[in-house]
1. For residue 325, give me every one of the lysines with a C-alpha distance below 20 angstrom, ignoring sequence neighbours fewer than eight places off in its own chain.
2. Need one number: convex hull volume per residue for the range 78-144, Cα atoms only, in Å³.
3. By the gyration tensor of its Cα atoms, with a ≥ b ≥ c the square roots of the eigenvalues, what is the shape of the range 140-206: rounded for a/c under 1.5, prolate for a/b over b/c, or oblate?
4. With the Cα gyration tensor of the chain in hand, convert its eigenvalues to equivalent ellipsoid semi-axes via √(5λ) and list them largest first in whole Å.
5. Dipole of the chain (Lys/Arg Cβ +1, Asp/Glu Cβ -1, origin at the Cα centre): which of 59, 183, 149 lies farthest to the positive side?
6. Amide H to amide H, which residues 5 or more places from residue 177 or on other chains are under 5 Å from it, using H placed in the peptide plane?
7. Could you check the spin-label model distance between residue 130 and residue 51? Points 7 Å from the Cα along Cα→Cβ, value in nm.
8. Using a 7 Å offset from the Cα along the Cα-to-Cβ direction at both residue 298 and residue 103, what is the distance between the two label points in nm, to one decimal?
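The values are calculated or read from the model by the stated rules, or taken from the named source; none is laboratory data. What you see is a predicted model; the values in this text were computed from it and never measured. Backbone-built Cβ (ideal geometry, glycine too); neighbour counts: all protein chains shown. Heavy atoms of the whole protein, side chains included, go into the accessibility calculation; ligands, DNA and RNA do not. Shrake-Rupley method; radii C 1.70, N 1.55, O 1.52, S 1.80 Å.
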Amino acid sequence: MNVSFEELFSVMKEKLVKHGCSEEIAERSARNLASSTRDGVMSHGVYRFTRLVSMIDRGIVKADEKPVCVKSLGAIEVWDGKYGVGNTNAEDAMNRAIELANKNGIGCVAMKNTNHWMRGGAFGIQAAEKGFASICWTNTIPNLVPWGARSKEVGNNPLVMGVPYGDRFVIFDGAMSQFSYGALDKAIMAGKKLPVPGGYDKDGKITDDPKAIAESGRMFPTGYWKGSSISILMDMMLACLAEGDTVKDIGDRGRSPMDECGLSQIFMVFKVSDREYADAAIARICESVKDAVPAEGVKEVYYPSERLFATRERSLKEGMEIQDKVWEEIKAL
């Protein structure tokens, strides 16, 4: 079913208000989710919505709470998310990090007791659209095996990096697993295989079957041992700066993976001192990537997020293709 951006935004906002969010929180959260869907990130947009509403209904996400600063260390602040709506908490934290960077050259907000931020790339875009470079990340429930292990002890801890580029931006948004659980869910719903092997099945065989990987829980870390190590260090950095729960702490609560909550996140922002130089340098980098000779079977080489803008334009013009079942579930909430 094709749904317009405005209709999707309007319906999600209406449902969030009915389920306890203020007009302000509902509007911001719904816009974030609709924008992610518009940009093609369905797994962390429209397909996450019913889960968010369910968590609000059961009191896991506190719809009426807003994050607060609990410690100031100059260019670094520690915030308490108070278990509020994750994507609006993250938006507030990034806005404050931008203010700190504008004043100090660098700004960092580390937040504890928050919830799933939905599409992390949205906050890299948020900074880039205001002319700032950024790095941010979050921890998760234990949903990834350390390299060489069989049991899930670390998180896939998504990482976002972004820079402004002219009137656009370049963004990286990726978990420390080869594929996020959202990407597995999307592939399963579409009845498709993964483009490359993403983990093991229950018998320990390497597979590109998303359902088999979801059932075994044994996803590949990005870069194998490297991604595993980076994920562990990301969690340690969060412990140092946010003073919140670690991946192990989140897992020890014993909640279902569908009820992941109480996460820790970092939002680091850097002031770009010379936009003219930066834009020219980024243009040279992008051009060098585009000049690369495509491998066999590949038509064109892309730099990160290059295709996002075409997806966005198509979504705004033609609407967004949403599975009928998902759309009917949302409207029935």
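1. 13, 15, 186, 192, 211
2. Output value, Cα hull per residue: 87 Å³.
3. oblate
4. Working from the Cα gyration tensor, I get semi-axes of 26, 26, 24 Å.
5. Going by the charge dipole, the pick is 149.
6. Residues meeting the amide H criterion: 222.
7. With each label placed 7 Å out from Cα toward Cβ, I get 2.8 nm.
8. Output for this residue pair reads 4.5 nm.
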